[in-house]
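Worksheet: the structure to be examined is printed underneath.
The values are calculated or read from the model by the stated rules, or taken from the named source; none is laboratory data. Worth saying up front: this structure is predicted, and the values here are computed from it rather than measured. Every residue, glycine as well, gets a Cβ built from its backbone with ideal geometry; the counts of neighbours run over all protein chains shown. We work out accessible area using only protein heavy atoms, side chains counted, and drop any ligands, DNA or RNA first. Shrake-Rupley method; radii C 1.70, N 1.55, O 1.52, S 1.80 Å.
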Amino acid sequence: MFKIISSPQNALIKQLILLKEKSRQRKKTNQFLIEGKRELSLAIKGGYKIETLLFLPDLFSESEAQSMSQYNIDIIEISKEVFQKLAHRDTTEGVIAVVNSKNHTLEDLKLTSKNPLILVAEAPEKPGNIGALLRTADAANVDAVIIANPKSDLYNPNIIRSSVGCVFTTEIAMASSEEAIAFLKKYNFNIYSAILQESEPYHSQDYTLPTAIVVGTEATGLTEEWREAATKNISIPMQGVIDSMNVSVAAGILIFEAKRQRNFK
């Protein structure tokens, strides 16, 4: 009923292993791999084009695979040996998909709200932090996330995993800090940059107008560009010994204060 691939030495499987492991290959082909039922369903919900579905019948039934034929995709049954080569984690539910990437330019950003709330993260490097930021953005239902001066490939398997699929359902743009600032100013956003120096307490600000909340890395913080571009520099009063916290935790505090002021609309 389905084409079957049982050898990891198969030419297609070798290409997909490269897609899994190499950012350069993902950028060259404009494709990436998804694994897991939830991630796959969120990608479909997010409007991603699925090209090929590979499934391990021990974990993903033939009837489940057949139901995916509605998307007009190639469906391939694979062996356990092939699955183990392609899967990024052991708990994947026997399904892997080859998916087309999307453009993530500022021009492609879709803002439907008349009073948007945006999270900007400058130069996040750790996939786990990027995934956590996207989960935070999803939890608060922000209108978009802008990654300024990106250091990581958005379709890195660790970002997909740590975002629990939120990478597919969140409006995301990637740009330089200079481009992001120009975009925000063009559309009259108030920019609140999370910076320790010369800052005001975050809870003393008004986030009820179009707002961008900007966070930097834990190691170096935000660049001077964001300090100068800010409507206000804001900080979270720290009561312990250290003067920093995880970037996704800080972003969550700031975003949910904005949501509180907007009455969680």
Which condition from (1) open to solvent by 80 Å² or more (accessible area, probe 1.4 Å); (2) assigned to a helix (DSSP H, G or I); (3) within 22 Å of Ile130 (Cα to Cα); (4) not hydroxyl-bearing (Ser, Thr, Tyr) is the one that Glu228 breaks? (3)
Please list, ordered by first then second residue, the pairs with beta carbon atoms under 6 Å, 6 or more apart or interchain, first in the stretch 134-148 and among the β-branched types (Val, Ile, Thr), second open to solvent by 10 Å² or more (accessible area, probe 1.4 Å) and part of a helix (DSSP H, G or I). Thr136/Ser248; Thr136/Gly252
Could you pull out the residue among Ser204, Ser235, Ser244 that is in contact with a Ser or Thr (Cβ under 9 Å, 6 or more places away or on another chain) and of a type in the set (S, T, N, Q)? Ser235
Output yes when any residue across the stretch 56-69 is free of Cβ contacts under 8 Å to residues at least 24 places away in the same chain and assigned to a loop (DSSP other than H, G, I, E, B), and no when none is. yes
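Scan Ser23, Ser63, Ser67 and give me the residue that is small (Gly, Ala, Ser) and either on the phi > 0 side of the Ramachandran plot or open to solvent by 80 Å² or more (accessible area, probe 1.4 Å) (or both). It would help to see each step written out before you state the result.
Numbers: Ser23 fails: either on the phi > 0 side of the Ramachandran plot or open to solvent by 80 Å² or more (accessible area, probe 1.4 Å) (or both); Ser67 fails: either on the phi > 0 side of the Ramachandran plot or open to solvent by 80 Å² or more (accessible area, probe 1.4 Å) (or both).
The conditions single out Ser63.
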Would you check if there is a residue in the stretch 139-150 being under 18 Å from Arg26 (Cα atoms) and out of contact with any strand residue (DSSP E or B) (no Cβ under 7 Å at 6 or more places or on another chain)? no
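Quick one: is Glu179 in contact (Cβ under 8 Å) with a residue 60 or more places away in the chain and either surrounded by fewer than 18 Cβ atoms within 10 Å (Cβ to Cβ) or β-branched (Val, Ile, Thr) (or both)?
Values: in contact (Cβ under 8 Å) with a residue 60 or more places away in the chain: yes; either surrounded by fewer than 18 Cβ atoms within 10 Å (Cβ to Cβ) or β-branched (Val, Ile, Thr) (or both): yes.
So Glu179 passes the test.
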Quick check: is even one residue across the stretch 139-147 over 10 Å from the mean Cα position of the chain (by Cα) and not hydrophobic (A, V, I, L, M, F, W, C)? yes
Filter the stretch 79-115 down to the residues that are farther than 23 Å from Tyr48 by Cβ and part of a loop (DSSP other than H, G, I, E, B), then identify the one that is most open to solvent (accessible area, probe 1.4 Å). Lys114
Could you identify the single residue in Ser163, Ser199, Ser193 that is among the small types (Gly, Ala, Ser) and within 27 Å of Glu21 (Cα to Cα)? Ser163
Of all residues in the stretch 8-19, how many are surrounded by 12 or more Cβ atoms within 10 Å (Cβ to Cβ) and either over 20 Å from Val99 (Cβ atoms) or of a type in the set (Ser, Thr, Tyr) (or both)? 1
Would you check if Ser177 is of a type in the set (Ser, Thr, Tyr), under 18 Å from Asn129 (Cβ atoms) and modelled with pLDDT of 95 or more? yes
Filtering the stretch 182-224 down to residues that are surrounded by 14 or more Cβ atoms within 10 Å (Cβ to Cβ), among the polar types (S, T, N, Q) and not in a loop (DSSP other than H, G, I, E, B) yields Asn190, Ser193, Thr211, Thr217
